[in-house]
Amino acid sequence: MKTIKRLLGLIAFIHVAAVVYFAKGIMIPIVLALLVWLTFNPAVRWLAKRRIPPALSSFAIVLMLIVVLYSSAYVASDPITQWASNLPNVSAELKSKLILLTAPVEGVIEAGNEIDKATDSLSGNQVQRVVLQGPGLFSTVAENAQYVATTIAATLVLLLFLLASGSHFHA
């Protein structure tokens, strides 16, 4: 009976993990909005005691967060641009420093190549090799930037509604 309970618990855990994994696009903004709401809800309640409507104070807080995020991105854009333009130099320097570590590995790589040659000559059939190339750095950054921007936008919209709701979610 214990093994059945453990197995059912494991199956339930796997199902929950799968649901969370596939729902991460929805869950991340909701969780972030709830965390930021927990941070700023006392300020909204304090301002409500001073007769400032929660809708107005929540709009001001979300606007302030947008300004802070935009300012941070603007300030960080120049160093990030310099880092990206300097990336080929850093890559070459890193390769030159790592050459000491690759020397012992080259023997293993050569042995692997010899094994490949031996198996290719034994099989007699020439197998066509397909090499898949992943997306480039620019497309990866563009896709991630779009994901981050939509997550931030959804989080801010949810936060605005949570803060403007007043004490509906507070005991």
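Filter the stretch 82-95 down to the residues that are under 20 Å from Ala145 (Cα atoms) and open to solvent by 90 Å² or more (accessible area, probe 1.4 Å), then identify the one that is modelled with the lowest pLDDT. Can you show your working first?
Kept after step one, since they are under 20 Å from Ala145 (Cα atoms), are these residues of the stretch 82-95: 82-85, 87.
Imposing the further condition that a residue be open to solvent by 90 Å² or more (accessible area, probe 1.4 Å) reduces the set to 82-83.
On the way: Gln82: 88, Trp83: 84.
Top of the filtered list is Trp83.
Looking only at the stretch 34-47, how many residues end up being among the hydrophobic types (A, V, I, L, M, F, W, C), loosely packed, with under 13 Cβ neighbours inside 10 Å and under 12 Å from Leu159 (Cα atoms)? Steps first, please.
So the first thing to find is which residues in the stretch 34-47 are among the hydrophobic types (A, V, I, L, M, F, W, C), and the list is 34-38, 40, 43-44, 46-47.
Now narrow it down to the ones that are loosely packed, with under 13 Cβ neighbours inside 10 Å: 35, 38, 46.
Filter once more, so that each one left must be under 12 Å from Leu159 (Cα atoms): 35, 38.
So the answer is 2.
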Report every pair of residues separated by at least 6 positions or lying on different chains whose Cβ atoms are under 6 Å apart, first residue within the stretch 133-156 and among the hydroxyl-bearing types (Ser, Thr, Tyr), second assigned to a helix (DSSP H, G or I). Thr151/Ile28; Thr151/Pro29; Thr155/Pro29; Thr155/Leu32; Thr155/Ala33
Can you say whether Tyr74 is loosely packed, with under 10 Cβ neighbours inside 10 Å and within 19 Å of Thr150 (Cβ to Cβ), as far as the supplied structure shows? no
Is it the case that some residue within the stretch 48-58 is part of a helix (DSSP H, G or I), open to solvent by 60 Å² or more (accessible area, probe 1.4 Å) and of a type in the set (S, T, N, Q)? no
Within the bounds of the stretch 150-170, is there any residue that is among the aromatic types (Phe, Trp, Tyr), within 20 Å of the chain's Cα centre (by Cα) and either modelled with pLDDT under 75 or within 30 Å of Val44 (Cα to Cα) (or both)? no
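The values are calculated or read from the model by the stated rules, or taken from the named source; none is laboratory data. The structure presented is a predicted model; accordingly, all values stated were derived computationally and were not measured. So basically every Cβ, Gly included, is an ideal-geometry build from the backbone, and we count neighbours across all protein chains shown. These area figures cover heavy atoms from the full protein model, side chains too; ligands, DNA and RNA do not enter into them. Shrake-Rupley method; radii C 1.70, N 1.55, O 1.52, S 1.80 Å.
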